[in-house]
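**Q** The structure under discussion is supplied below as structure tokens; questions concerning it will follow.
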Amino acid sequence: MLQKTTTVRAHRYRPSGIEEVEVQVSAEYHVAFLLNGRPYLTVACSGTDLELLAAGHLASEGIILSENEIERIDIDEKGMTVNVITVRDANIISRLIKVRTLVSGCAGGGGDSVCSLPVLHDLPELKAPVILACAREFLGFSETYRLTHGVHSSALYDMQGKRAAFFDEIGRHNAVDKLIGLALMRGVAVDRMMLFTTGRISSEIVTKAVVAKVPVIVTRAAPTSMAVELVRKLNIILITGVKRDSFYVHHGIEYIS
């Protein structure tokens, strides 16, 4: 198993002087994702939950549509590869051709990439005290963050405030991909879940959520302008800037009491 953290030597400055110290940092690995044995993507990641990370990334890009399209996932930690083998009749090649950057079509109020995304319906009712309680638990949950201050986190909570999943990663996109991978590979229903993340909400994060059919995104950080535009088009509840007793709602205020 790959280590989540490692120790490095550094010099710490204090008013009393400079001293040599050992500092715990998040481990970073470069892992090659293969699709049916062919190189697809190399990601910088924490090296944990590689099966879920690979499956979640492919699902969030629209390349894999269901668990049934995956025959198996082979992980080689020594070789730093994850090989996703799909079933023969999966229409993978044509989907790969259609993959485009998430930026195109999101700016300026339209485009094929936005039009191809599903608009969510039947959004859940939320209670503000539950949102705040989940945020408190979420932000204090990561042991790796306490050790290193060098990871992002993502989690799924149900509408009653019960945590269903939690992942750390060195990048916020990877952390969300792991949640999507969990939903895909373990059959976790997310259409009545809140997605919590420590990172900024960009259009890419919104796109990942809507592809997975997660109706609510919550963060302590801020959104980008494109993310706000996108949640309003695709009907996702977006809550940002969560503090001890307050937050901002960019879409879906009528669902919160």
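**Q** Scan ALA133, ALA189 and give me the residue that is out of contact with any Asp or Glu (no Cβ under 9 Å at 6 or more places or on another chain) and over 29 Å from LYS233 (Cβ atoms). Lay out the reasoning, then the answer.
**A** Working: ALA189 fails: over 29 Å from LYS233 (Cβ atoms).
None of the other options fit; the residue is ALA133.
**Q** Let me ask something else. I'd like to check which helices (runs of 4 or more DSSP H) are fully inside the stretch 81-151 and have at least 3 residues that are among the aliphatic types (A, V, I, L, M) and either at pLDDT 90 or above or surrounded by 14 or more Cβ atoms within 10 Å (Cβ to Cβ) (or both). Give the derivation first.
**A** Details: elements: 92-98, 112-115, 128-139, 143-148.
Those helices (runs of 4 or more DSSP H) span 128-139.
**Q** Of the conditions (1) within 15 Å of the chain's Cα centre (by Cα); (2) in a helix (DSSP H, G or I), LEU156 fails just one. Which one is it?
**A** Against the list (1) within 15 Å of the chain's Cα centre (by Cα); (2) in a helix (DSSP H, G or I), LEU156 comes up short only on (2).
Residues are listed down the side, and each one gets a yes or a no for (1) in contact with a strand residue (DSSP E or B) (Cβ under 7 Å, 6 or more places away or on another chain); (2) among the charged types (D, E, K, R); (3) part of a strand (DSSP E or B); (4) without any contact (Cβ under 8 Å) to a residue 60 or more places away in the chain:
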residue	(1), (2), (3), (4)
VAL188	yes, no, no, yes
LEU195	yes, no, yes, yes
GLY199	yes, no, no, yes
VAL210	no, no, no, no
LYS233	no, yes, no, no
SER246	no, no, no, yes
HIS250	yes, no, yes, yes
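**Q** Related question: Of the conditions (1) of a type in the set (A, V, I, L, M); (2) within 21 Å of ASP49 (Cα to Cα); (3) not in a helix (DSSP H, G or I), VAL218 fails just one. Which one is it?
**A** Tallying (1) of a type in the set (A, V, I, L, M); (2) within 21 Å of ASP49 (Cα to Cα); (3) not in a helix (DSSP H, G or I), VAL218 fails exactly one: (2).
**Q** A further question follows. Taking the residues in the stretch 188-202 that are closer than 12 Å to ALA164 by Cβ and of a type outside the set (Val, Ile, Thr) as candidates, determine which candidate is surrounded by the most Cβ atoms within 10 Å (Cβ to Cβ).
**A** The initial filter retains those residues of the stretch 188-202 that are closer than 12 Å to ALA164 by Cβ, namely 188-190, 192-196.
Next cut, of a type outside the set (Val, Ile, Thr) only: 189, 192-196.
Working: ALA189: 10, ARG192: 15, MET193: 24, MET194: 26, LEU195: 25, PHE196: 28.
The residue in question is PHE196.
**Q** Kindly indicate the residue of the stretch 10-54 that is touching a residue at least 12 places away in the same chain (Cβ under 8 Å) and part of a loop (DSSP other than H, G, I, E, B) and also farthest from ILE93 (Cα to Cα) among those meeting that condition.
**A** Step by step, filter the stretch 10-54, then rank; the result is ALA27.
**Q** Yes or no: the stretch 63-70 includes at least one residue that is on the phi < 0 side of the Ramachandran plot, over 18 Å from the mean Cα position of the chain (by Cα), part of a helix (DSSP H, G or I) and polar (S, T, N, Q).
**A** yes
**Q** I need the full set of residues from the stretch 46-69 which are β-branched (Val, Ile, Thr) and over 15 Å from LEU96 (Cα atoms), in order please. First the steps, then the outcome.
**A** At the first step, the residues of the stretch 46-69 found to be β-branched (Val, Ile, Thr) are 48, 63-64.
Result: THR48, single match.
The values are calculated or read from the model by the stated rules, or taken from the named source; none is laboratory data. Model, not experiment: these values are computed from the prediction. Cβ: placed from backbone, ideal geometry, glycine included. Neighbour counts: every protein chain shown.
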